[in-house]
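Heads up, the thing below is written out as structure tokens.
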Amino acid sequence: MKRILLVATLALAAATLPVVPAVAAATGGGGNVQCQFTPTPENPAARPVTVPKARAKAHGNVSVTIRTNYGRMDLVLNRDNAPCAVHNLLHLARADFYDNSQCFRLTTSARLGVLQCGDIYRAEEGGPGYKFPDEVTGKETYPRGTIAMGNQGPGTNGSEWFIVHSVAQISPVYTVMGRVTRGIEVLDRIVAAGITPDGATDGAPKRPVRVYDVRIGHDC
């Protein structure tokens, strides 16, 4: 997810221009969609992983569990809302891309409270070696417990995602994948531990947040 100054710029642009939804997939047969995953040789994969297959399921929910050193969070991802983003996260989870990674950014301002994860090297660096378009309508909201894709601009989704621990009053330009169904108190413990340096509202968690793995559960 881009830094807040860029989000503010996007918000200003949205106030003067009509919202044009970014389309990530075209409907295919059998309840599937075709996703567009584009290799990024200028930003090679931080860990060994292939580009996902283009064909993805377009309907139904799937549960995932994120295990961290603060505890576990159970989530439900919604394919109907973001089939390509969900397909991508499941692909990376199966490839163990997120295993033993860190959540490098925590924000706790009155306008933005999120935990940002999915990067391998540092905040906003270390992706899967490809990108794919946004799946947004321009009407997205981000209440507490939302999991959404982070990016570095339109159509640059990769491995980065964020979970809202309090509020996220941001422009509707981030693809919403689902929500936390159990373990929201894990986020509260992460927030309570603070940010480095003391007094900051945007930075690295004072006590590092380590993602042990992302496990795929029930598919319906």
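The table below gives the values:
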| quantity | calculated |
| --- | --- |
| Heavy-atom accessible area ranking, 1.4 Å probe, most first, across His87, His218, His165 | His218, His87, His165 |
| Sequence of Asp74, Asp96, Asp202 when ordered by accessible area, the most exposed leading, probe 1.4 angstrom | Asp96, Asp202, Asp74 |
| Amide H contacts under 5 Å for Ala46, placed H, 5+ residues apart | Gly127, Gly129 |
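The values are calculated or read from the model by the stated rules, or taken from the named source; none is laboratory data. This structure is a prediction, so every number in the text was calculated from the model and none was measured. Remember, those area values only see protein heavy atoms, side chains included, never the ligands or the DNA or RNA. Shrake-Rupley method; radii C 1.70, N 1.55, O 1.52, S 1.80 Å.
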